[in-house]
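Please treat every number below as a calculation from the coordinates, not as lab data. Please read all numbers here as calculations on a predicted model, not as lab measurements. We place every Cβ from the backbone using ideal geometry, glycine too, and count neighbours over all the protein chains shown.
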Amino acid sequence: MNAEAFRATGRVAGKRLPRMDGIGKVIGKHVYAADFTLPGMLYGRVLRSNKPHARIVKIDTSRAKAMPGVRTVITAADIPAVRYGQAVRDAPVFALDRVLFYGHAIAAVAATTLEIAEQALAAIDVELEDLPAVYDPEEALTNAILVHPDWQDFKVLPILVRDGNMTARTRMITGDADAAFANAYRVYEHRFKTALQHPGYTEPRASVADWDANGNVTVWTNTQLPFDTQTTLSEILDLPVSRVRVIVPGIGGGFGGKLRIGVEHYAALLARNTARPVRVLSTSEEELIAATPRQSAVVHLKTAVDRDGKLLGRQGRIIVDCGAFAGSGPAMASVSLQVLAGPYRNGTLALEGIAVYTNKVPAGSFRAPAGPMANFAVESQMDIIAEDLGIDPLELRLRNIVHEGDKGPSGEELKSVSVEECLRKAAAAIGWHDRKPAPGRGKGIACSWWMTTGGSSGVYVKIDPDGTATLVSGAVEIGTAALTGASQVLAEALSLDLDDIKVAGVDTQTSPYDYGAQGSRTAFSVGNACLAAAADLRQQLFELAAKQWNITTDGMELRDKQVIAGNKTIAIAELARLSRLSGGGLIAHGTANSPGPAFDPGRVENHMLPAWNTPSFHAQAADLSVDSETGAVSINRYVVAQDVGFAINPTYIEGQIEGGVSQGIGQALSEEIVYQNGRVMNANLTDYKMPTAMDVPEIECILVQSASAAGPFGAKGVGEPPCIHPPAALANAIAAATGARMHSLPMTAEKIVKELRSARE
Amino acid sequence: MSRRLLELTINGETHQLLAEPHWTLLHVLRNQIGMMGTKENCLEAECGVCTVLLDGRAVNSCLLLAGQAEGHQITTIEGLGTPENLDPLQQAFIECGAVQCGYCIPGMILTAKSFLDENPGHVPSRQEIREAVAGTLCRCTGYGKIVDAISVSAERRLAKQHKEPAA
């Protein structure tokens, strides 16, 4: 049965229905990982390095172990020397012979109370001998100090090109950029910098682990990727995957910060040593010194144009600072190149992405990872070019954007291209005709594109004898309402109401595989798997009805919760009851996978994600005022025009846009994990400044719906794109308001006022 | 450390327990009594997810010693509404799409309740609402739909007050 046979009627899919887990969340009944406890549970804590780079001279745990209430203390010496990681397996559970960053785990303790565990940390005697360190990602490329002197021993994906501190290098090349630059009317060259940004989820990373009598371990945790966590745990614990069970009770935000193993391994190792359940919960300080913030980046971008502002070529290099372990850095060095190319006809391209080690916190993938860093550079520079050529910034973009059927940067064919519509709608809504309405006030615009990450999804859908359905998915509901969306797709296809659907919790032992809550893919991929399951169930229902009526299934319809054939009808509930009598009940397994489009391998070198699956297009525009004395920015209006393909539930799509923009405003104006000599200076939520309700303006959303071929009812990925543009849109608006061009994030009031003063002098 | 008998009134019910003097109200609620609706995050009164009401006023339970709450009426999210009979704020948060991951929501709703109760008789402006909830961080929503929900709730409450003048 073909899933494409389903059409959205607007009955359930496309409607603003309340999320399925809403009541539990507003009455305080929803259980998050941080709320999960077991009888007899011990409390685990992690000892972390207070030096950025040092040789471990001595670790003496004897005093801590002797304390009443302390049940175990473990260090690297107590566990197998396993290194885990994504593209590069470089990360051990605890520091081995050296600590590599401020916050590096050295030991872990389990005790009967949290207080005793904390006291035990203080009783561990650690002697560290300072080593010279490297903190600057550009310096790290030429520095003699190696973060990993043994880098050549690591297991890595064969696609990677590495050398010392450089842990990946990738390129994107189209045409002869040198020739294009030689013949250009003008060439622009700029350098941009972005900062480390914490994902800022309100629920800290939390895990409870418990071992059963057969030597299997169960971990209740707030991971976005339960199956990836299961695999990593199996490696660390040296167990077959099937003996590690990961359950996600509930998760208080992730935004990419809970993708990879966080505290699960500490809980599992401590629990194994004590034969007791152990809980580990990150503190705020640990979150800010030792979680996985968005990588910082340095971007050099050179652009060649003709007299009319037509792009002739782009050359550039983005350096992604991985910190002490590679994490997602190699993948992000790759993905950043598509963002640098932008939704533009560039003429020629010669772009390079580099991932580099430094002695700082291992960074990772925060929502649209690599997106805002690259977009800040390319979209700021578009405005600089426009200003220099005397062309309106919107007009310059419209002259260069991609259109339907164009080739993308890897030579792939672009479909459902909507960037013009997004730009025009955002510009019209912000009142672009009046771009500098008053002194100190200005408007800025930025556009981009982003992928809908593929990866496979499986679901089971079971129909109960009351005619309702249960969706069993391995996808985590991280708050986006993606599973409400997928359920709307399912309900629509089965002719049910959303109230007729229940969603089972994620348990790697019983849930079908899902690639995880990442990459703007959950509603898209799980929705597609739901359509496949619905097609199977519909066929099963038809066959049951055919048997009942002794006719063929020809011309049967599934409508209004019943199977209809001519003037005969039978309820889904009745068929589910009949199926129990003879067929073991109604259940279907639906799967979905969405491979990327064909591309030209000659245009990419060592690129981990060479062609994007079902890209979306978007534009954002800001209207703001800058106080010329203090540099303080106040955003008057903010408009987003985003192509979502098909809006499965407009309320929660707006929620994604508003939340993503808010995080982007934070990255643009205030958020930075500040390092001084390798130490984090602002490891608390007062000094790490996330936007409050006072800092975020009303965000106006325009949902563009240019249907995709691959998504459920034409949907495209939604969650990540909104946080890509704010740094560039705000930088461009600041320039329009004041003439000051900001080249580094965050654009704090202090930096702006400094720029204004130097412009006056 | 020596424990002493503590008597707390939580959502109208009396709870007696032996507590150490330095225990916070948050610790007692979550880890001693097992009421998990009040959330835990920064433990430094910076994020607001642990907000409860003390005699109707919003406080951060992570910094308040449990002993300081003796003799006061403590209201947690569990005391506000039930699935069958939601508090109007809870209802409005659902209707307006103000809930995403939901971890900040108990604190946010209680902060809003305290604010609306302190400002009866008018519908506060969106700016006033933003100021009132600025102490509670939400990373998911960008706050717009939270402001919508509080605003809608305030409007409904006023309409109800007009319909049913105080007896």
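Tabulated results
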quantity: Estimated FRET transfer efficiency (A:Glu138, A:Asn677; beta-carbon r; R0 22 Å; 0.05); calculated: 0.80
quantity: Net charge dipole size for segment A:697-761 [Lys, Arg +1 and Asp, Glu -1 on Cβ; Debye, nearest 20]; calculated: 240
quantity: Radius 13 Å from Cβ of A:Gly316, net charge of other residues (Lys, Arg +1; Asp, Glu -1); calculated: +3
quantity: Signed unit charges on C-beta, dipole axis of the protein assembly as shown, positive-most listed residue A:Ala304, A:Thr630, A:Leu537; calculated: A:Leu537
quantity: Residue exposure sequence - A:Met694, B:Met35, A:Met382 - by fewest surrounding Cβ within 10 Å; calculated: A:Met694, B:Met35, A:Met382
quantity: Number of partner chain Cβ atoms within 10 Å, mean per residue of A:251-258; calculated: 4
quantity: Exercise: per-residue mean of other protein chain Cβ atoms within 10 Å, B:73-81; calculated: 2
quantity: Choice from B:Gly71, B:Gly135, B:Gly37 showing the highest fluctuation, given a GNM over chain B with Cα pairs closer than 10 Å; calculated: B:Gly71
quantity: Ascending count of other beta-carbon atoms within 10 Å, so fewest first, for A:Cys422, B:Cys104; calculated: A:Cys422, B:Cys104
quantity: Under 15 Å from the Cα of B:Lys160 - aspartates and glutamates, other chains or at least 8 residues apart; calculated: B:Asp87, B:Asp117
quantity: Listed residue (A:Pro610, A:Ile752, A:Thr231) projecting farthest to the positive dipole end of chain A, Cβ model; calculated: A:Thr231
quantity: Qualifying lysines (Cα of each under 29 Å from Cα of A:Lys462; at least 8 residues distant if same chain); calculated: A:Lys15, A:Lys25, A:Lys29, A:Lys502, A:Lys547, A:Lys561, A:Lys568, A:Lys716
quantity: FRET efficiency, 1/(1 + (r/R0)^6) with R0 22 Å, evaluated for A:His300 and A:Lys415 via beta carbons; calculated: 0.10
quantity: Over the protein assembly as shown: helical MRE at 222 nm, DSSP H runs n ≥ 4 each giving -39500 (n - 2.57), nearest 500; calculated: -8500 deg cm²/dmol
quantity: Chain A - convex hull of the alpha-carbon atoms, volume per residue in Å³; calculated: 165
quantity: Förster radius 51 Å - calculated FRET efficiency between A:Val241 and A:Glu189, Cβ distance, rounded to 0.05; calculated: 0.55
quantity: Extension gain from A:Lys407 to A:Glu750, taking 0.36 nm per residue of separation minus the Cα-Cα distance; calculated: 119.2 nm
quantity: Dipole moment magnitude, nearest 20 debye, chain A about Cα centre, only Lys, Arg, Asp, Glu C-beta charged; calculated: 420
quantity: Distance between segment A:607-627 and segment B:73-98 - C-alpha centres, whole angstrom; calculated: 37
quantity: All lysines inside 19 Å of A:Lys310 as judged from Cα atoms, apart from same-chain residues fewer than 8 positions distant; calculated: A:Lys302, A:Lys407
quantity: Residues B:Lys113, A:Lys65 arranged by fewest to most Cβ contacts within 10 Å; calculated: A:Lys65, B:Lys113
quantity: Contour excess over end-to-end distance, with Cα ends at A:Asn684 and A:Asp125 and 0.36 nm allotted per residue; calculated: 198.7 nm
quantity: Loop GluC sites (Glu not before Pro), segment B:27-85, which have at most 15 other Cβ atoms in a 10 Å radius of their Cβ (DSSP); calculated: B:Glu44, B:Glu70, B:Glu84
quantity: Distance (nanometres) between label positions extended 7 Å along Cα→Cβ at A:Asp176 and A:Ala213; calculated: 7.7
quantity: Dipole magnitude of segment B:4-79, debye to nearest 20 (Cβ charges: Lys/Arg +1, Asp/Glu -1, about Cα centre); calculated: 40
quantity: Residues of segment A:189-212 with amide N under 12 Å of a point placed 7 Å along Cα→Cβ from A:Asp388; calculated: A:189-191
quantity: Residues of segment A:90-109 with amide N under 16 Å of a point placed 7 Å along Cα→Cβ from A:Lys65; calculated: A:107-109
quantity: Segment B:88-163: proportion of alpha-carbon pairs further apart than 15 angstrom, %; calculated: 47
